[in-house]
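What follows is a set of notes on a single structure, which appears directly below.
What follows is calculated from the coordinates using simple rules that are stated; it is not laboratory data. A quick note: this is a predicted structure, and the numbers were derived from the prediction, not measured. With ideal geometry, Cβ positions are generated from the backbone for all residues, glycine too; neighbour counts draw on all protein chains shown.
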Amino acid sequence: MTLKTRSGVKKRVKVTWTGKFKLAHGSKKHLLSDKSKKAKGRNKYGFIVSKTETKKIREQLPHI
């Protein structure tokens with residue numbers, strides 16, 4: 001039996017050139033007028049997933 005990829009994870013996670021996983025920050029779709037410029041700036045770029053979370057993501061993306 002083949003392993004299936006979790007499609008939700010596939011849509012939300014990008015793999016960097018070094019093989020690390022990158023996710024986007026949340027809270028940047030709506031209600032932005034109430035957030036400060038500083039909060040929106042902190043939210044701008046994605047973040048690299050920690051080692052413990054990386055193990056879980058690798059299980060959900062078996063073909064990467």
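Under a 5 Å amide H cut-off, with hydrogens placed 1.01 Å from N, LYS35 pairs with nothing among residues at least 5 apart or on other chains. For the chain, relative contact order (Cα pairs under 8 Å, six or more residues apart, normalised by length) works out to 44 percent. With R₀ fixed at 25 Å, the C-beta to C-beta distance from THR52 to THR2 puts the FRET efficiency at about 0.40. May I ask for the angle, rounded to the nearest 10°, between helix 51-60 and the longest principal axis of the chain, with both axes built from Cα atoms and the value confined to 0 to 90°? In the chain, helix 51-60 runs at an angle near 60 degrees to the longest axis. Calculated mean residue ellipticity at 222 nm for the chain: -9000 deg cm²/dmol, from DSSP H runs with n ≥ 4 weighted as -39500 (n - 2.57), summed, divided by the residue count and rounded to 500. Computed from Cα atoms alone, the Kirkwood hydrodynamic radius reported for the chain is 13.5 Å. 3J(HN,Hα) couplings calculated from phi for region 25-31 with the Karplus curve 6.51 cos²θ - 1.76 cosθ + 1.60 (θ = phi - 60°) are, in sequence order, 6, x, 6, 9, 9, 8, 6 Hz; Gly and Pro show x.
How big is the charge dipole of the chain about its Cα centre, in debye rounded to the nearest 20, if each Lys and Arg gets +1 on its Cβ and each Asp and Glu gets -1 on its Cβ? Intermediate values should be presented prior to the final figure.
On the way: 20 positive and 3 negative charges, 45 e Å.
Computed charge dipole of the chain: roughly 220 debye.
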